[in-house]
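Everything on this sheet refers to the single structure shown next.
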Amino acid sequence: SPNRESGSIRVSIEKVDLLINLVGELVITQSMLNQAGLNQAQGGGASAEALLNGLAQLERNTRELQENMLQLRMLPINVAFNRFPRLVRDLCNKMGNKVDLVLTGEQTEADKTVLEKIGDPLVHLVRNSLDHGLETPEVRAAAGKPEQGRLELSAQHESGNIVIRIIDDGAGLNREKILQKAIENGLVSDKDELSEERIDNLIFQPGFSTADKVSDLSGRGVGMDVVKRNINDLGGTVSIHSRQGEGSTVMIRLPLTLAILDGQLASIGEDTYILPLISIVESLQIRSENLNSVAGSSELYRFRDEYIPIIRLNSLLGNSGGIENLEQGLLVVEAEGQHAGLFVDRLQEQQQVVIKSLETNFQQLEGVSGATILGDGQVALILDIPGLVHLFHKTRNQMTVPALAAAS
């Protein structure tokens, strides 16, 4: 039955053999530590060194075991890609388009769960490219392009993540139309100065699902907010880069696995929080001349050529601690194509953490994606950066402070 199929996974015998060898190594390390412990108990000589060697070996074994266990869940991305040749052929026949589909990096591996959940957003993005990105042969010929359009799906590993790109050489996005639509829907003000990238990424806003069916924007907009939400739920990010008349590139960045996260530990008051490294742009020491208060209760920080909103986590998360002085560090994070600054009292080390669900163990908290247990047994919350930025804007709007669009 299909249910039983989705609950099982095919694993090569080499991966299993490797795992068995690693468990053997673990048993040897355990007996080595046992021996060192006994010697220590009996007041033996140089057993402290043996104990330290044994612990270092245990750390190596555990790391290798962890990496190989994750490999068991890894499948090549062609599991998600293999439906597209037929989908593209069928849609092209229906619409009278000519499209050359190119798949690259199909052997790039990712977690089975990630691949299962990314399937639908990918279908949506590919349909949008075919439906509204790539023009008909007549329009392409008139624009001096080859009649056959090109659609590329590529996957590759980049700094501990999997990056999927959907590239078309179509018409690109109509920025005037997007901006006009966004102003109509009250997503931005006509006074805001937005960069081209910000305008392109407005199509991921919920307001765009009401695009009128007649416009060539309709497919680019309908349901793009759902695509974005699904990708954010996987701990990933999505953005679009468009060149008018030349085409568009949608870039999806996803974690390789949903069980483990590369995190930055930070202290705020007495508490330790974990911020996903994927969201951090840079950390810096606060310079008071770059800090500006606006309307009494909002703060902006000058970061290079833009002003970014400051989020004080201790007040947002109801944490009474926190020094809140200018000796603090500022973490510049990115969410939904926008930068924001988080005040932290102290940055600690970076480490991989195992994610424990808050929903199953406690309850869902806004701005928090999960929790983990640190080496000293302390529970630390893992912050959900897009959720925090959303919560910050929501609470600020409730306080009737004028919303500030960070000038890009």
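Pairs needed: first member in segment 282-301, at pLDDT 80 or above; second member anywhere, among the hydrophobic types (A, V, I, L, M, F, W, C) and exposed (fewer than 14 other Cβ atoms within 10 Å of the Cβ); C-beta distance under 6 Å; at least 6 residues apart or different chains.
Leu300/Val294
For Phe81, all conditions in the list (1) under 23 Å from Ser12 (Cβ atoms); (2) of a type in the set (Phe, Trp, Tyr); (3) out of contact with any Asp or Glu (no Cβ under 9 Å at 6 or more places or on another chain) hold save one; what is the number of the exception?
(3)
Would you pick out the residues in segment 334-381 that are surrounded by 14 or more Cβ atoms within 10 Å (Cβ to Cβ) and assigned to a loop (DSSP other than H, G, I, E, B)?
Matches in segment 334-381: Glu336, Gly337, Asp345, Ile355, Leu365, Gly367, Leu374.
Being modelled with pLDDT of 70 or more and either assigned by TED's automatic domain parsing to the domain that holds Val238 or not basic (Lys, Arg) (or both) is the requirement here; does Gly207 meet it?
Criteria not met by Gly207.
Residue-wise test of (1) part of a loop (DSSP other than H, G, I, E, B); (2) modelled with pLDDT under 85.
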site: Arg127; (1), (2): no, no
site: His132; (1), (2): no, yes
site: Arg150; (1), (2): no, no
site: His157; (1), (2): no, no
site: Arg165; (1), (2): no, no
site: Leu173; (1), (2): yes, yes
site: Gln180; (1), (2): no, yes
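Given (1) touching a residue at least 24 places away in the same chain (Cβ under 8 Å); (2) in contact with a helix residue (DSSP H, G or I) (Cβ under 9 Å, 6 or more places away or on another chain); (3) assigned to a helix (DSSP H, G or I); (4) within 30 Å of Glu25 (Cβ to Cβ), where does Leu51 come up short, assuming only one miss?
Leu51 satisfies every listed condition except (1).
When both residues are 6+ apart or on different chains and their Cβ atoms are under 7 Å apart, which pairs have a first residue that lies in segment 166-195 and is without any contact (Cβ under 8 Å) to a residue 40 or more places away in the chain, and a second that is β-branched (Val, Ile, Thr)?
Ile178/Ile199; Ile178/Ile203; Leu179/Ile199; Ala182/Val188; Asp190/Ile183
Find the strands (runs of 3 or more DSSP E) located wholly in segment 73-122 whose residues include 2 or more that are more than 19 Å from the chain's Cα centre (by Cα), of a type outside the set (A, V, I, L, M) and in the same structural domain as Leu234 (by TED's automatic domain parsing), and list them.
Because the criterion is at least 2 residues that are more than 19 Å from the chain's Cα centre (by Cα), of a type outside the set (A, V, I, L, M) and in the same structural domain as Leu234 (by TED's automatic domain parsing), the strands (runs of 3 or more DSSP E) in segment 73-122 that meet it are 99-104.
Give segment 164-185 a look and list any residue that's surrounded by fewer than 18 Cβ atoms within 10 Å (Cβ to Cβ) and either of a type in the set (Val, Ile, Thr) or assigned by TED's automatic domain parsing to the domain that holds Val353 (or both), or say none.
Listed by number, the list holds a single entry, Ile183.
Would you mind stating whether Leu381 is closer than 23 Å to Glu306 by Cα, at pLDDT 75 or above and not charged (D, E, K, R)?
Answer is no for this residue.
Consider segment 52-74. How many of its residues are farther than 26 Å from Leu256 by Cα and modelled with pLDDT under 85?
Of the residues in segment 52-74, 0 are farther than 26 Å from Leu256 by Cα and modelled with pLDDT under 85.
Can you tell me which residue among Val139, Val188, Val222 is closer than 24 Å to Pro121 by Cα and either at pLDDT 85 or above or of a type outside the set (S, T, N, Q) (or both)?
Val222
Is one or more of the residues making up segment 336-355 at pLDDT below 75 and closer than 28 Å to Leu202 by Cα?
In the first step, residues of segment 336-355 are kept if they are at pLDDT below 75; the result is 336-337.
When the remaining residues are screened for being closer than 28 Å to Leu202 by Cα, the result is 336-337.
Within segment 336-355 (the criterion being at pLDDT below 75 and closer than 28 Å to Leu202 by Cα), the answer is yes, since at least one residue qualifies.
Quick check on segment 382-396: of everything there that is part of a helix (DSSP H, G or I) and within 17 Å of the chain's Cα centre (by Cα), which residue is farthest from Pro276 (Cα to Cα)?
So the residue we want is His390.
The values are calculated or read from the model by the stated rules, or taken from the named source; none is laboratory data. As the structure is a computational prediction, the values presented were derived from the model and not from experiment. Cβ sites come from the backbone with ideal geometry, for glycine too, and all protein chains shown count toward neighbours.
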